[in-house]
Amino acid sequence: MLTLKPGLRLYKSALDRSAQEALVVGLREVLREAPLFRPVMPRTGKAFSVRMSNCGPLGWVSDRSSYRYQTTHPETGRNWPPMPDSILRLWRDFAGHDAAPDACLINFYDAQARMGPHQDRDEQDFAAPILSLSLGDSCRFRHGGEKRGDPSEAIRLDSGDILVFGGPARKMFHGVDRIFSGTSTLLSPPGRINLTLRRAR
Ligand code: MD3
Ligand code: FE
């Protein structure tokens, strides 16, 4: 475990290949029930390059009216499927926080997808950390300070890496600069999946 800055812990290669494959099996089932959708930005309606889905009681969505957590998929209208045990286990093993997560956001990046710098502020429980698991192609992940203009640093995240953001790191700006396509054979179609486990309420 590496502490990158106060509240930001990196577990390099936390999951071996077979554990990653087991997670992907569970995710495929989730995505059959709750297909990836392409969110748009509030007001402008500009499409995200990342596609998303969720599992667990609550899911994060973005549309023309707002960013929010809700219990249903925006296109199917059905409840989000439950979090697979393999996902809940990650929280138990790495989050260091007793109360269970109530939301798991699934981000899918193809070779062109990016995520611009932003803060995660739609949760009510800021005492709980956010746990991120990277699967598939590597990426360049950027993290800065609590203000948009603060200096930032970039690190490479590879399949199987876990990041935990808590305490002072919980409100930092962060984003994904680029995907290094062709760096992993885990996913088909190829790309990167990032799971974020959260306590929204
Ligand atoms: C730091 N996802 O879904 S994960 C997001 O790789 C998001 O898909 C990126 O940013 C991805 O909101 C980065 C790392 C991450 C997630 C949530 C955070 C870092 C965070 C919340 C607070 C601080
Ligand atoms: Fe984020």
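The values are calculated or read from the model by the stated rules, or taken from the named source; none is laboratory data. Computed from a predicted structure; not experimentally measured. All Cβ positions, even for glycine, are placed from backbone atoms using ideal geometry, and neighbour counts span all protein chains on display. These area figures cover heavy atoms from the full protein model, side chains too; ligands, DNA and RNA do not enter into them. Shrake-Rupley method; radii C 1.70, N 1.55, O 1.52, S 1.80 Å.
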Open item on the list: I need every pair where a residue in the stretch 8-28 that is without any contact (Cβ under 8 Å) to a residue 24 or more places away in the chain has its Cβ under 9 Å from the Cβ of a residue that is surrounded by 12 or more Cβ atoms within 10 Å (Cβ to Cβ) and part of a loop (DSSP other than H, G, I, E, B), sequence separation at least 6 or different chains.
Closed with: 25/84
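For residues in the stretch 109-162 being closer than 20 Å to residue 200 by Cβ and part of a strand (DSSP E or B), which is farthest from the chain's Cα centre (by Cα)?
This residue is 118.
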Task: Scan of the stretch 65-84 for residues that are more than 16 Å from ligand 2 (Cβ to nearest atom), in contact (Cβ under 8 Å) with a residue 24 or more places away in the chain and open to solvent by 40 Å² or more (accessible area, probe 1.4 Å), ordered by number - done: 74, 75, 76, 78, 82
- [ ] Determine whether the stretch 48-64 contains at least one residue that is away from ligand 1 (no atom under 15 Å from the Cβ), open to solvent by 10 Å² or more (accessible area, probe 1.4 Å) and of a type outside the set (Asp, Glu).
- [x] yes
Task: Selection count where residues are more than 15 Å from the chain's Cα centre (by Cα), among the hydrophobic types (A, V, I, L, M, F, W, C) and closer than 18 Å to residue 197 by Cβ, scope the stretch 32-80 - done: 2
Open item on the list: Could you go through the stretch 173-181 and let me know if any residue there is aromatic (Phe, Trp, Tyr) and within 9 Å of ligand 1 (Cβ to nearest atom).
Closed with: yes
Open item on the list: Filter the stretch 181-201 down to the residues that are over 16 Å from residue 96 (Cα atoms) and either open to solvent by 40 Å² or more (accessible area, probe 1.4 Å) or within 11 Å of the chain's Cα centre (by Cα) (or both) and list them by number.
Closed with: 181, 182, 183, 185, 188, 189, 190, 192, 193, 194, 195, 201
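In this structure, is residue 130 farther than 15 Å from residue 97 by Cα, among the aliphatic types (A, V, I, L, M) and open to solvent by less than 30 Å² (accessible area, probe 1.4 Å)?
Here the answer is no, as residue 130 does not meet what is asked.
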Open item on the list: Kindly evaluate residue 158 against the criterion of being open to solvent by 40 Å² or more (accessible area, probe 1.4 Å) and away from ligand 1 (no atom under 15 Å from the Cβ).
Closed with: no
Open item on the list: Looking at 43, 51, 89 in this structure, which one is of a type outside the set (Gly, Ala, Ser) and at positive phi?
Closed with: 43
